[in-house]
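This report refers to the structure that appears directly beneath it.
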Amino acid sequence: MGTAAAPGFDTETLRRAIEGQSADALLSLYADDAELRVVDRNTQPSHPKVMHGRDQISEMLNDVYSRDMTHKVEQCVVQGDHLAYTESCQYPDGVKVLASSMVELRNGKIVDHTLLQEWDDEG
């Protein structure tokens, strides 16, 4: 009896969820005990915003994907149990956001996600 390959991470689901603004589809890629850390101008590296578990992550994803903006996955690389991707976003007023994610996977699910994001100054 051969050993089954570990389940792979579905990058197409990731792309479709982000670009289709489907928080539920994106949440399905996270393990129950996942952690998501966000670093940006408001939550800087020494004090990142940390969400523990799918309930807290779900709140953030629902907030992000309920906004009137576009999301595009620019680059996505999977190597072993690590995933890296960049995402460009734009609000209707032209303000752009660039996000870069480094992710650790376990059994094809996200267990540890660090998100760095920066956006244009408004005005």
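The values are calculated or read from the model by the stated rules, or taken from the named source; none is laboratory data. Given the structure is predicted, the values throughout are model-derived calculations rather than measurements. Please note: Cβ atoms are built from the backbone with ideal geometry, for glycine as well, and neighbour counts cover all protein chains shown. Only protein heavy atoms, including side chains, enter the accessible area calculation; ligands, DNA and RNA are left aside. Shrake-Rupley method; radii C 1.70, N 1.55, O 1.52, S 1.80 Å.
Details
- Close pairs from segment 65-87: first loosely packed, with under 13 Cβ neighbours inside 10 Å, partner hydroxyl-bearing (Ser, Thr, Tyr), Cβ under 6 Å, at least 6 apart: Lys72/Ser88; Glu74/Thr86; Glu74/Ser88; Gln75/Thr86
- The one condition in (1) hydroxyl-bearing (Ser, Thr, Tyr); (2) open to solvent by less than 70 Å² (accessible area, probe 1.4 Å); (3) in contact with a helix residue (DSSP H, G or I) (Cβ under 9 Å, 6 or more places away or on another chain) that Ser100 fails to fulfil: (3)
Matching residues to (1) free of Cβ contacts under 8 Å to residues at least 40 places away in the same chain; (2) among the β-branched types (Val, Ile, Thr); (3) open to solvent by less than 80 Å² (accessible area, probe 1.4 Å):
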site	(1), (2), (3)
Ile18	no, yes, yes
Asp24	yes, no, no
Ala31	no, no, yes
Ala34	no, no, yes
Arg37	no, no, yes
Asp40	no, no, yes
Pro45	yes, no, no
Gly53	yes, no, yes
Met60	yes, no, yes
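- Residue in segment 62-85 that is modelled with pLDDT of 95 or more, within 21 Å of Asp120 (Cβ to Cβ) and among the hydroxyl-bearing types (Ser, Thr, Tyr) present: yes
- Scanning segment 17-41 for residues that are under 11 Å from Leu61 (Cα atoms) and of a type in the set (D, E, K, R) yields one hit, Asp24.
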